[in-house]
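Enquirer: Let me give you the structure first, and then I'll get to my questions.
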Amino acid sequence: MSEENNIIYVGKKPTMNYVLAVVTQFNTNNVEKIVIKARGKSISKAVDIAEITKNKFMPNAKYADIHITTEKVEGERGESNVSSIEITIAK
């Protein structure tokens with residue numbers, strides 16, 4: 001299975017949809033690591049997803065890695081900086 005399948009991109013859907021996606025990836029695809037990625041306003045939701053997954057559904061899971069970066073994004077008003085986060089959860 002490719003690494004791309006182990007990435008959950010956080011957007012505007014309800015938090016529990018993403019939690020279900022993470023748990024499903026771990027259980028059905030038998031993967032060892034899942035990466036939760038978010039930018040901008042979705043960062044707090046990504047943290048919530050990781051915490052809910054770890055505390056309620058997978059208490060034995062660990063945070064393998066957390067990356068916080070700034071990305072440059074072209075918009076209508078030129079280039080702007082957008083914060084992003086990548087949270088890696090491992091079994």
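Enquirer: Can you pull out every residue in the stretch 1-24 that is more than 17 Å from residue 55 (Cα to Cα) and not aliphatic (A, V, I, L, M)?
Expert: 2, 3, 4, 5, 6, 9, 11, 12, 13, 14
Enquirer: Whether any residue in the stretch 59-76 is in contact with a Phe, Trp or Tyr (Cβ under 6 Å, 6 or more places away or on another chain), touching a residue at least 12 places away in the same chain (Cβ under 8 Å) and among the hydrophobic types (A, V, I, L, M, F, W, C) is what I want to check. I'd like the intermediate steps shown before the answer.
Expert: Filtering the stretch 59-76 for residues in contact with a Phe, Trp or Tyr (Cβ under 6 Å, 6 or more places away or on another chain) gives none.
No; the residues of the stretch 59-76 include none that is in contact with a Phe, Trp or Tyr (Cβ under 6 Å, 6 or more places away or on another chain), touching a residue at least 12 places away in the same chain (Cβ under 8 Å) and among the hydrophobic types (A, V, I, L, M, F, W, C).
Enquirer: Of everything in the stretch 56-91, what is surrounded by fewer than 16 Cβ atoms within 10 Å (Cβ to Cβ) and assigned to a loop (DSSP other than H, G, I, E, B)? Give them in sequence order.
Expert: Correct list: 59, 60, 76, 77, 91.
Enquirer: Only one residue in 84, 80 is polar (S, T, N, Q), farther than 13 Å from residue 10 by Cβ and either in contact with a Pro (Cβ under 6 Å, 6 or more places away or on another chain) or without any contact (Cβ under 8 Å) to a residue 60 or more places away in the chain (or both). Which one?
Expert: 80
Enquirer: I need a count of the residues in the stretch 42-91 that are within 23 Å of residue 26 (Cα to Cα) and either modelled with pLDDT under 95 or not hydroxyl-bearing (Ser, Thr, Tyr) (or both).
Expert: Looking only at that region, the number is 28.
Enquirer: Separate question: For the stretch 40-55, state whether one or more residues are in a strand (DSSP E or B), in contact with a strand residue (DSSP E or B) (Cβ under 7 Å, 6 or more places away or on another chain) and surrounded by fewer than 16 Cβ atoms within 10 Å (Cβ to Cβ).
Expert: The answer is no, given that none of the residues of the stretch 40-55 is in a strand (DSSP E or B), in contact with a strand residue (DSSP E or B) (Cβ under 7 Å, 6 or more places away or on another chain) and surrounded by fewer than 16 Cβ atoms within 10 Å (Cβ to Cβ).
Enquirer: Taking into account only those residues within the stretch 9-39 that are in contact with a Lys or Arg (Cβ under 7 Å, 6 or more places away or on another chain) and surrounded by 13 or more Cβ atoms within 10 Å (Cβ to Cβ), which is modelled with the lowest pLDDT?
Expert: That would be 26.
Enquirer: Go through the stretch 10-29 and give me each residue that's of a type outside the set (Val, Ile, Thr) and not in a loop (DSSP other than H, G, I, E, B).
Expert: 16, 17, 18, 20, 21, 25, 26, 27
The values are calculated or read from the model by the stated rules, or taken from the named source; none is laboratory data. All of these numbers come straight from a predicted model, not from anything done at the bench. Here the Cβ is made from the backbone with ideal geometry for all residues, glycine too, and neighbour counts use every protein chain on show.
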